[in-house]
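To keep things clear, I will list the structure first and then write my remarks on it.
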Amino acid sequence: ISNGSGSNEILSDPKKVQLKELEDYVELGAPEVVSYDKTTAEVEVKYEAAAGVNISEYGLCYGTDLQSDVVKVKATADGRVSLKNLVAGKAYQMRSYVRDGDHEICGKPVSLAVYGTPVVLTVVEPKTDSESAVLSGKVEDDCGKAVTERGFIWCEGAVESLDVDKNAKLKSGSGSGEFTEILSGLSPNRIYSFCAYAENAEGLACGDVVRFTTGVALPVHGQPYITG
(Lines give C-alpha, C1' and ligand atoms only; values in the text may rest on other atoms or scores of the structure.)
Protein backbone atom coordinates (compact mmCIF):
# COMPACT_ATOMS: atom_id res chain seq x y z
CA ILE A 1 0.00 0.00 0.00
CA SER A 2 1.47 3.32 -1.02
CA ASN A 3 1.86 5.99 1.60
CA GLY A 4 2.12 8.74 -1.03
CA SER A 5 5.93 9.08 -0.85
CA GLY A 6 6.69 6.34 -3.33
CA SER A 7 7.41 3.66 -0.72
CA ASN A 8 5.06 0.98 0.47
CA GLU A 9 4.02 0.06 4.00
CA ILE A 10 1.80 -2.56 5.54
CA LEU A 11 -1.04 -1.35 7.82
CA SER A 12 -2.33 -3.46 10.69
CA ASP A 13 -5.91 -4.68 10.83
CA PRO A 14 -8.35 -1.85 11.58
CA LYS A 15 -9.26 -1.54 15.25
CA LYS A 16 -12.78 -0.77 16.50
CA VAL A 17 -12.84 2.65 18.10
CA GLN A 18 -14.42 2.55 21.56
CA LEU A 19 -16.70 5.57 22.08
CA LYS A 20 -17.02 7.16 25.47
CA GLU A 21 -19.87 6.07 27.68
CA LEU A 22 -23.33 7.55 27.15
CA GLU A 23 -22.91 9.59 30.34
CA ASP A 24 -20.39 11.78 28.51
CA TYR A 25 -22.89 12.64 25.79
CA VAL A 26 -26.10 13.14 27.79
CA GLU A 27 -26.83 15.51 30.66
CA LEU A 28 -29.81 14.56 32.82
CA GLY A 29 -31.71 17.27 34.65
CA ALA A 30 -33.38 16.65 38.00
CA PRO A 31 -37.07 15.71 37.62
CA GLU A 32 -39.47 18.44 38.76
CA VAL A 33 -42.95 17.96 40.19
CA VAL A 34 -45.32 20.16 38.19
CA SER A 35 -48.52 19.36 40.09
CA TYR A 36 -49.91 16.78 42.51
CA ASP A 37 -52.88 15.75 44.59
CA LYS A 38 -53.42 12.99 47.17
CA THR A 39 -52.68 10.07 44.83
CA THR A 40 -51.13 11.40 41.61
CA ALA A 41 -48.26 13.60 40.49
CA GLU A 42 -47.27 15.19 37.19
CA VAL A 43 -43.48 15.29 36.79
CA GLU A 44 -41.34 16.93 34.12
CA VAL A 45 -38.22 15.10 32.90
CA LYS A 46 -35.41 16.99 31.12
CA TYR A 47 -32.19 15.98 29.38
CA GLU A 48 -29.70 17.37 26.86
CA ALA A 49 -27.98 15.07 24.36
CA ALA A 50 -25.04 15.73 22.06
CA ALA A 51 -25.57 15.68 18.29
CA GLY A 52 -25.72 12.17 16.91
CA VAL A 53 -26.95 10.53 20.10
CA ASN A 54 -30.16 8.63 19.43
CA ILE A 55 -32.28 8.56 22.57
CA SER A 56 -34.80 5.77 22.06
CA GLU A 57 -36.61 6.17 25.39
CA TYR A 58 -36.61 8.36 28.47
CA GLY A 59 -38.73 8.75 31.56
CA LEU A 60 -38.76 8.32 35.30
CA CYS A 61 -38.02 5.61 37.86
CA TYR A 62 -39.68 6.02 41.26
CA GLY A 63 -40.47 4.09 44.40
CA THR A 64 -40.05 4.01 48.16
CA ASP A 65 -36.69 2.30 47.65
CA LEU A 66 -34.93 2.67 44.30
CA GLN A 67 -32.98 -0.53 44.95
CA SER A 68 -35.91 -2.89 45.44
CA ASP A 69 -39.19 -1.01 44.91
CA VAL A 70 -38.98 0.61 41.48
CA VAL A 71 -41.64 1.56 38.94
CA LYS A 72 -40.52 2.81 35.53
CA VAL A 73 -42.76 5.15 33.52
CA LYS A 74 -42.00 6.44 30.02
CA ALA A 75 -42.27 10.17 29.37
CA THR A 76 -44.63 11.60 26.79
CA ALA A 77 -43.41 13.65 23.84
CA ASP A 78 -43.52 16.84 25.93
CA GLY A 79 -41.37 15.33 28.69
CA ARG A 80 -44.16 14.71 31.18
CA VAL A 81 -44.65 11.64 33.33
CA SER A 82 -47.89 10.87 35.19
CA LEU A 83 -47.48 8.96 38.45
CA LYS A 84 -50.53 7.27 39.95
CA ASN A 85 -51.58 5.33 43.05
CA LEU A 86 -49.33 7.36 45.35
CA VAL A 87 -49.98 7.64 49.07
CA ALA A 88 -50.17 11.17 50.48
CA GLY A 89 -47.38 11.87 52.94
CA LYS A 90 -45.41 8.74 52.06
CA ALA A 91 -41.71 9.17 51.26
CA TYR A 92 -40.76 8.32 47.66
CA GLN A 93 -37.66 8.78 45.56
CA MET A 94 -37.44 9.37 41.82
CA ARG A 95 -34.76 9.75 39.18
CA SER A 96 -34.69 10.38 35.44
CA TYR A 97 -33.44 7.82 32.94
CA VAL A 98 -32.57 7.81 29.23
CA ARG A 99 -31.95 4.87 26.94
CA ASP A 100 -29.87 4.67 23.76
CA GLY A 101 -30.57 1.23 22.37
CA ASP A 102 -29.46 -1.21 25.06
CA HIS A 103 -27.52 1.37 27.05
CA GLU A 104 -29.38 3.14 29.86
CA ILE A 105 -28.25 5.74 32.35
CA CYS A 106 -30.03 7.23 35.36
CA GLY A 107 -29.80 10.56 37.09
CA LYS A 108 -29.37 11.26 40.78
CA PRO A 109 -32.27 10.37 43.10
CA VAL A 110 -34.43 13.21 44.39
CA SER A 111 -37.27 13.09 46.90
CA LEU A 112 -40.89 12.87 45.83
CA ALA A 113 -43.78 13.67 48.14
CA VAL A 114 -47.45 14.37 47.55
CA TYR A 115 -49.85 15.82 50.07
CA GLY A 116 -53.55 16.52 50.35
CA THR A 117 -56.29 17.98 52.49
CA PRO A 118 -57.14 15.84 55.52
CA VAL A 119 -59.47 12.86 55.46
CA VAL A 120 -62.16 13.71 58.01
CA LEU A 121 -65.30 11.84 59.08
CA THR A 122 -68.50 13.12 60.69
CA VAL A 123 -69.76 10.74 63.36
CA VAL A 124 -73.48 10.16 62.90
CA GLU A 125 -76.30 10.18 65.48
CA PRO A 126 -75.10 12.80 67.96
CA LYS A 127 -76.45 12.76 71.51
CA THR A 128 -79.02 15.52 71.92
CA ASP A 129 -81.45 17.10 74.35
CA SER A 130 -83.77 20.06 73.87
CA GLU A 131 -81.02 22.72 73.90
CA SER A 132 -77.73 21.01 73.03
CA ALA A 133 -76.01 18.26 71.04
CA VAL A 134 -72.74 16.37 71.47
CA LEU A 135 -70.99 16.45 68.09
CA SER A 136 -68.19 14.03 67.18
CA GLY A 137 -65.72 13.79 64.33
CA LYS A 138 -62.50 12.06 63.40
CA VAL A 139 -59.42 13.04 61.37
CA GLU A 140 -58.46 9.68 59.84
CA ASP A 141 -55.45 10.95 57.89
CA ASP A 142 -53.61 14.28 57.80
CA CYS A 143 -52.29 13.36 54.31
CA GLY A 144 -48.75 14.43 55.07
CA LYS A 145 -49.39 17.87 56.57
CA ALA A 146 -50.22 18.50 60.23
CA VAL A 147 -53.84 19.43 60.97
CA THR A 148 -53.76 22.97 62.34
CA GLU A 149 -57.49 23.32 62.99
CA ARG A 150 -60.49 21.05 63.26
CA GLY A 151 -64.08 21.27 64.44
CA PHE A 152 -67.64 21.46 63.13
CA ILE A 153 -69.61 23.61 60.72
CA TRP A 154 -73.31 23.83 61.50
CA CYS A 155 -76.59 25.62 60.87
CA GLU A 156 -80.27 25.38 61.76
CA GLY A 157 -82.37 23.57 59.15
CA ALA A 158 -81.96 20.58 56.86
CA VAL A 159 -79.32 21.36 54.23
CA GLU A 160 -77.30 19.27 51.76
CA SER A 161 -74.00 21.16 52.16
CA LEU A 162 -72.31 23.58 54.53
CA ASP A 163 -69.91 26.43 53.82
CA VAL A 164 -67.18 27.38 56.28
CA ASP A 165 -67.42 31.03 55.16
CA LYS A 166 -71.22 31.27 55.45
CA ASN A 167 -72.21 28.96 58.30
CA ALA A 168 -71.33 28.87 61.98
CA LYS A 169 -68.13 27.13 63.07
CA LEU A 170 -67.31 25.38 66.33
CA LYS A 171 -63.56 24.79 66.73
CA SER A 172 -62.14 21.71 68.43
CA GLY A 173 -58.35 21.97 68.64
CA SER A 174 -55.89 20.48 66.14
CA GLY A 175 -54.21 17.23 65.15
CA SER A 176 -55.44 13.82 64.02
CA GLY A 177 -57.80 11.42 65.77
CA GLU A 178 -61.25 11.74 67.30
CA PHE A 179 -62.68 14.98 68.68
CA THR A 180 -65.92 15.98 70.41
CA GLU A 181 -67.62 19.27 71.27
CA ILE A 182 -70.92 20.28 72.86
CA LEU A 183 -73.05 22.55 70.70
CA SER A 184 -75.28 24.49 73.09
CA GLY A 185 -77.86 27.28 72.91
CA LEU A 186 -80.10 25.40 70.48
CA SER A 187 -83.88 25.64 70.25
CA PRO A 188 -86.13 22.72 71.21
CA ASN A 189 -87.69 20.48 68.57
CA ARG A 190 -85.67 21.94 65.69
CA ILE A 191 -83.70 20.33 62.87
CA TYR A 192 -79.98 21.15 62.62
CA SER A 193 -77.27 20.14 60.16
CA PHE A 194 -73.53 19.79 60.85
CA CYS A 195 -70.33 18.29 59.48
CA ALA A 196 -66.83 17.77 60.84
CA TYR A 197 -63.98 19.69 59.20
CA ALA A 198 -60.18 19.69 59.37
CA GLU A 199 -57.58 22.01 57.86
CA ASN A 200 -53.88 21.67 57.04
CA ALA A 201 -51.44 23.57 54.83
CA GLU A 202 -53.07 22.04 51.73
CA GLY A 203 -56.54 23.33 52.57
CA LEU A 204 -59.77 22.48 54.37
CA ALA A 205 -61.82 19.29 54.02
CA CYS A 206 -65.23 18.35 55.38
CA GLY A 207 -66.95 15.12 56.27
CA ASP A 208 -70.51 14.20 55.34
CA VAL A 209 -73.38 16.44 56.45
CA VAL A 210 -75.44 14.91 59.27
CA ARG A 211 -78.85 16.11 60.52
CA PHE A 212 -80.37 15.84 63.97
CA THR A 213 -83.47 17.07 65.80
CA THR A 214 -83.35 18.53 69.28
CA GLY A 215 -85.71 17.19 71.93
CA VAL A 216 -88.98 18.69 73.02
CA ALA A 217 -88.66 21.03 75.99
CA LEU A 218 -90.16 19.74 79.22
CA PRO A 219 -92.95 21.81 80.79
CA VAL A 220 -91.87 24.13 83.57
CA HIS A 221 -93.63 23.33 86.87
CA GLY A 222 -94.35 26.23 89.23
CA GLN A 223 -97.04 27.79 91.40
CA PRO A 224 -100.52 27.53 89.88
CA TYR A 225 -102.02 30.73 88.56
CA ILE A 226 -105.19 31.54 90.50
CA THR A 227 -107.69 34.10 89.33
CA GLY A 228 -110.55 35.73 91.18
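The values are calculated or read from the model by the stated rules, or taken from the named source; none is laboratory data. Predicted, not measured: the structure shown is a model, and the values here were computed from it. Counting neighbours? That spans all protein chains shown, and the Cβs are built from the backbone with ideal geometry, glycine included. These area figures cover heavy atoms from the full protein model, side chains too; ligands, DNA and RNA do not enter into them. Shrake-Rupley method; radii C 1.70, N 1.55, O 1.52, S 1.80 Å.
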Notebook entry, point to check: How would 73, 43 line up by accessible area, probe 1.4 Å, largest first?
Noted result: 73, 43
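If you take every residue apart from residue 191 with its C-beta less than 9 Å away from the C-beta of residue 191, what net charge results, scoring Lys and Arg +1 and Asp and Glu -1? If you can, show how the numbers build up before the last one.
Values: positive: 190, 211; negative: 156.
That sum, taken over residues with Cβ under 9 Å, equals +1.
Find the Rg to Rh ratio for region 84-153, where Rh is the Kirkwood radius over alpha-carbon pairs and Rg uses the same atoms.
On the way: Rg = 22.0 Å, Rh = 16.2 Å.
My calculation puts Rg/Rh at 1.35.
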Next item on the list: Find the eigenvalues of the gyration tensor of the Cα atoms of the chain, then list the square roots of 5 times those eigenvalues as equivalent ellipsoid semi-axes, largest first, in whole angstrom.
Entry: 72, 13, 11
Notebook entry, point to check: Which entries of 46/90; 38/145; 46/84; 127/166; 74/145; 72/145 show an alpha-carbon separation above 22 angstrom in the structure shown?
Noted result: 46/90; 127/166; 74/145; 72/145
Check: Hey, any idea what % of region 99-228's accessible area is carbon plus sulfur with a 1.4 Å probe?
Finding: 47 percent
Next item on the list: Would you mind getting the accessible area per residue of the chain, heavy atoms of the protein chains only, 1.4 Å probe, in Å²?
Entry: 63 Å²
Margin query: Rolling a 1.4 angstrom probe over the protein chains, ignoring ligands and nucleic acids, what is the accessible area of residue 106 in square angstrom, nearest 10?
Written below: 60 Å²
Next item on the list: Any chance you could tell me what percent of the C-alpha pair distances in region 58-174 go past 18 Å?
Entry: 66 percent
Checklist line | Area of residue 186 that stays accessible when all protein chains are in place (1.4 Å probe, Å², to 10) | finding: 10 Å²
